[in-house]
Amino acid sequence: MAAEAEQGFCPLDEASLVAYIKATPALASRLGGALDSITIREVGDGNLNFVYIVLSDAGAIVIKQALPYVRCVGDSWPMTRERAYFEASALREHGRLCPDHVPEVYHFDRAMSLIGMRYIEPPHIILRKGLIAGVEYPHLAEHMSDYMAKTLFFTSMIYNTTTDHKKGVAQYCANVEMCRLTEQVVFSDPYRVSKFNRWTSPHLDKDAEAVREDDELKLEAAELKAMFIERAQALIHGDLHTGSIMILPKVIDPEFAFYGPMGFDIGAFLGNLILAYFAQNGHADQANDRKAYKKWILKTIEESWNLFYNKFVELWNKHKEGNGEAYLPDIFNKSDLLSLAQKKYMINIFHDSLGFGAAKMIRRIVGIAHVEDLESIRDANKRALCERATLNCAKAILKGRRQYENIEQLSIELTENTIRGIATQSLFCFTHSKENAKR
Amino acid sequence: MAAEAEQGFRPLDEASLVAYIKATPALASRLGGALDSITIREVGDGNLNFVYIVLSDAGAIVVKQALPYVRLVGDSWPMTRERAYFEASALREHGRLCPDHVPEVFHFDRAMSLIGMRYIEPPHIILRKGLVAGVVYPLLADHMSDYMARTLFFTSMIYNTTTDHKKGVAQYCANVEMCRLTEQVVFSDPYRVAKFNRWTSPYLDKDAEAIREDDALKLEVAELKSMFIERAQALIHGDLHTSSIMVAPNSTQVIDSEFAFYGPMGFDIGAFLGNLILAYFAQDGHADQANDRKAYKRWILKTVEESWKLFYKKFVELWNKHKDGNGEAYLPDIFNNSDLLSLAQKKYMTKLFHDSLGFGAAKMIRRIVGIAHVEDFESIKDANKRALCERAALNCAKTILKGRRQFENIEQVVVYIQSFDQD
């Protein structure tokens with residue numbers, strides 16, 4: 001750490017953080033200056049960083065510090081702490097575009113890889129936990145479609161000049177280590193033998209093997225991977241799963257942010273909702289069969305996409321005479337031509353989103369990092385059934401995404417559990433009844 | 001220019017260039033130190049820069065200097081002279097990858113936006129002039145497929161790690177002014193009323209109007225434009241038309257890489273093939289009693305065909321050769337059987353083929369109804385004859401652009417081009 005110290009970096013803990021806050025007016029002021037009665041609690045439960053909640057009588061803040069390695073592994077897995085710079089930049093940029101759904105940044109210290117931001121207080125919880133608990137959030141689709149439409153539209157070439165766009169692209173090129181992590185864990189490891197892969201074993205041994213031997217799947221994944229690396233379409237969050245959203249909602253953790261394909265963000269969100277959907281059978285109990293909740297999740301998926309579509313096109317129409325250079329108004333000078341262009345554009349994003357979402361689903365079942373939705377199903381057999389249904393659905397979506405003309409088609413197939421003719425419900429019932437027979 | 005002088009920049013002329021060379025060993029040494037009998041000739045006939053050929057008894061060099069405006073227009077059209085930095089960088093990078101077909105860079109002075117490089121001596125001429133004159137270059141397809149396969153493969157993610165790739169992408173993001181110029185003149189102006197547009201009038205008035213009103217064409221071009229801006233696939237030359245290539249019977253040299261950036265591979269391939277196709281359509285305008293140009297037209301189409309097929313073969317060969325290397329797009333332990341890798345390569349190359357057709361067609365269209373035309377047509381004095389050639393090229397290009405995904409191979413494209421023959 002000597003080299004780090006020379007650069008002005010030192011990892012903090014609860015004690016040293018107090019001193020740091022006292023020396024930083026931008027933070028001390030948020031605590032109302034009542035600095036002698038601060039309580040600090042470290043709550044980082046993700047894989048990467050330390051996260052401190054700092055409470056005083058007069059206010060509260062969150063301090064996030066990146067260490068130069070992956071926290072859940074240790075310094076045998078180095079990961080640049082510059083990710084904090086990109087997180088802060090993206091928080092500020094997305095916060096400017098969508099202040100309702102991004103926590104405010106109070107302070108960023110690049111040398112310390114430290115961000116001070118708004119504390120999102122209880123009863124707000126991580127969306128993923130709410131989905132496991134079966135809590136409905138009636139405005140989720142409305143708000144998330146708002147966030148995605150604004151962050152993606154306003155950082156795209158439909159709105160910006162090439163000059164501004166390329167400046168942003170160049171800046172975020174340096175967040176390459178985070179991109180490489182995604183390339184490895186989302187687009188590569190699930191498709192090969194990798195020491196970090198794990199799955200519910202032995203139940204899914206053959207399913208995991210099938211993924212590794214599915215040529216068609218690999219070809220599609222390779223195209224998505226190339227798009228992920230090459231296509232600087234907008235400033236995306238880069239990891240928009242349901243663990244990055246706190247309900248109300250506020251979107252957090254954009255440390256993977258870079259200029260990439262829009263479908264990667266939309267797909268992350270929708271894909272994780274689909275994961276939550278398939279996990280519901282594993283949470284059902286005598287009190288609550290989760291049937292109504294499953295319907296609500298599907299409705300949220302549908303509305304999230306449809307509202308995103310509408311809002312994105314609304315922004316496009318609103319700004320069509322602006323500085324954006326992708327669809328110049330004197331070329332797209334008739335409203336039905338512009339409509340057609342928008343339709344083509346949106347259907348391409350739709351198919352991208354389905355593809356990326358499916359890829360994210362697959363990796364959460366046979367890869368290194370799983371999701372609490374499924375992990376919290378104690379019964380391994382039950383969990384495996386839910387995971388298999390998810391996996392089969394994801395594989396079919398990834399391969400067949402261009403056949404979907406609208407989100408309702410997907411929703412119907414999920415409802416009937418008949419993606420590509422795989423009757424996952426009957427599979428569940430069959431095994432379930434076998435279990436009952438054993439008792 | 002005061003601000004420029006502070007940055008260490010001053011525009012040279014024949015006289016001041018002599019002093020500059022004398023003060024620069026990397027250049028003086030190339031002239032064998034015989035510096036008192038230098039002759040200098042300014043030959044810049046492109047749109048952008050000053051180009052000096054410097055000859056001594058013992059050697060020769062070319063010195064290229066960018067001024068902070070478009071030379072053809074003057075300082076009412078500013079254009080960053082940093083383009084020289086990107087030209088020199090690309091010359092060095094592509095020169096490293098394909099030394100046989102890129103002139104060596106002897107010296108680069110960033111403050112002076114000045115490049116000193118190998119003089120590509122006679123009998124080399126600009127390829128476009130050779131095509132207008134009806135000269136056959138038997139090695140052209142072989143050499144250009146070599147250049148394209150090596151420059152595009154080795155700067156792609158099939159060969160490189162993401163880390164290296166993104167470093168290059170970031171570096172060349174700053175060449176944005178040149179990209180914007182291309183976006184304007186290739187992907188935008190032909191599709192709208194623009195004061196710089198011109199065409200053989202009144203013959204092509206309706207054809208130009210038809211383009212401005214062709215919705216299907218505009219939609220396709222918009223997608224190509226987005227790809228051009230967004231898709232950092234490889235370090236491309238950025239302007240690989242037939243005036244960026246110098247040829248002699250046994251030699252092919254690619255020059256003028258100032259538009260270089262990380263963009264779609266198909267843009268380079270399309271530029272080359274598209275300009276060959278323009279040359280094809282211009283032949284009827286050069287035909288005379290001595291030479292009906294029929295055999296030459298066949299040679300051009302054969303070159304188009306071979307260029308693509310040899311490029312395909314060489315690109316895939318490089319891919320196979322390096323499949324266990326550091327490239328991160330197609331990892332060997334995922335693409336771990338040869339059938340699967342073959343299939344992946346086939347898919348990749350088919351997409352690249354369609355991209356090339358699209359970009360090539362767009363480049364053809366802009367040379368007929370846009371600001372910058374090509375000598376292939378401009379040298380046809382008879383306006384009526386010229387317009388007929390241009391119309392055939394235009395109609396061919398529009399259909400290829402809109403229907404490019406229907407073509408399964410280059411032979412089909414060649415047959416289609418021939419169907420426009422006026423006889």
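What follows draws every value from the coordinates through simple rules; no lab data is involved. Given the structure is predicted, the values throughout are model-derived calculations rather than measurements. Virtual Cβ from ideal backbone geometry, glycine too; neighbours counted across all protein chains shown.
With the simple spin-label model, which puts each label point 7 Å out from Cα in the Cβ direction, the B:ASN320 to B:ALA383 separation comes to 5.6 nm.
Taking other Cβ atoms within 10 Å as a rough exposure proxy, B:TRP77, B:TRP319, A:TRP199 sort from fewest to most as B:TRP77, A:TRP199, B:TRP319. As a calculated quantity, the FRET efficiency between A:LYS129 and B:ALA216 at R0 = 35 Å, using C-beta atoms, amounts to about 0.10.
For the range A:2-118, a crude dipole built from +1 on the beta carbon of Lys and Arg and -1 on the beta carbon of Asp and Glu, taken about the Cα centre, is about 240 debye to the nearest 20.
Taking other residues whose beta carbon is less than 12 angstrom from the beta carbon of B:LEU352, and scoring Lys, Arg as +1 and Asp, Glu as -1, yields +3.
Using 1/(1 + (r/R0)^6) with R0 = 22 angstrom and r between the beta carbons of B:ARG96 and B:LYS167, what's the FRET efficiency to the nearest 0.05? So the FRET efficiency works out to roughly 0.90.
Which entries in the list A:LYS250/A:LYS382; A:LYS129/A:LYS399; A:LYS167/A:LYS225 go over 26 Å, if you measure between the two C-alpha atoms of each? Over 26 Å Cα-Cα: A:LYS250/A:LYS382; A:LYS129/A:LYS399.
Counted by Cβ distance under 11 Å from B:GLY274, the other residues give a net charge of +2, where Lys and Arg count +1 and Asp and Glu count -1. Under 15 Å from a point placed 7 Å out from the Cα of A:GLU104 along the Cα-to-Cβ direction: which residues of the range A:26-51 have their backbone N that close? So the set is A:26-33. The phi-based Karplus calculation (6.51 cos²θ - 1.76 cosθ + 1.60; θ = phi - 60°) puts the 3J(HN,Hα) values of the range A:132-141 at 5, 6, x, 8, 8, 10, x, 9, 4, 4 Hz, whole numbers, x for Gly and Pro.
For chain A, the mean residue ellipticity at 222 nm estimated from helices alone is -17000 deg cm²/dmol, where every DSSP H run of n ≥ 4 contributes -39500 (n - 2.57) and the total is divided by all residues, rounded to the nearest 500.
Highest GNM mean-square fluctuation among B:TYR296, B:TYR191, B:TYR280, for chain B modelled with Cα contacts below 10 Å: B:TYR296. Derived scalar couplings between HN and Hα for the range B:192-197 equal 8, 6, 9, 5, 8, 5 Hz in order, rounded to whole Hz, by the Karplus curve 6.51 cos²θ - 1.76 cosθ + 1.60 (θ = phi - 60°), x for Gly and Pro.
Taking amide hydrogens as placed 1.01 Å from N in the peptide plane, the amide H of B:ASP421 sits under 5 Å from that of no residue at least 5 positions away in sequence or on another chain.
Quick check: from the Cα gyration tensor, does the protein assembly as shown come out rounded (a/c under 1.5), prolate or oblate? The shape class here is prolate. When only alpha carbons are used to place a centre, the range B:157-189 and the range A:74-138 end up 31 Å from one another. When chain A is described by a simple charge dipole with +1 on each Lys and Arg Cβ and -1 on each Asp and Glu Cβ, the residue from A:ALA284, A:LEU273, A:SER339 located farthest towards its positive end is A:ALA284. Here's the list of aspartates and glutamates a cross-link from A:LYS311 could span, going by alpha-carbon distance under 13 Å and ignoring same-chain residues fewer than 8 apart: A:GLU142, A:ASP146, A:GLU303. Put the Cα centre of the range A:220-253 next to the Cα centre of the range B:232-248 and the gap is 35 Å.
For the range A:2-118, what is the convex hull (Cα atoms) projected area averaged across all directions, in square nanometres? Show your work: numbers first, answer last.
Values: hull surface 29.8 nm².
That works out to 7.4 nm².
In this structure, the amide hydrogen of A:VAL102, modeled 1.01 Å from its nitrogen in the peptide plane, lies closer than 5 angstrom to those of A:VAL251, counting only residues at least 5 positions away or on a different chain.
Here's how it looks for B:GLY263: its modeled amide H is under 5 Å from those of B:GLN233, B:ALA234, B:ILE236, which are all 5 or more places away or on a different chain.
Label-to-label distance for A:LYS295 and A:ALA369 is 3.5 nm, based on points extended 7 Å past Cα in the beta-carbon direction. For the pair A:ASN288 and B:VAL18, how long in nm is the line joining their label points, each one 7 Å along Cα→Cβ? Calculated label separation equals 9.1 nm. Legend: Rg and Dmax of chain A, from Cα coordinates, 22.4, 73 Å.
Dipole size of the protein assembly as shown about its Cα centre, with +1 on Lys/Arg Cβ and -1 on Asp/Glu Cβ: approximately 1160 debye, rounded to the nearest 20. By the count of neighbouring beta-carbon atoms within 10 Å, fewest first, B:ASP292, A:ASP109 end up ordered B:ASP292, A:ASP109.
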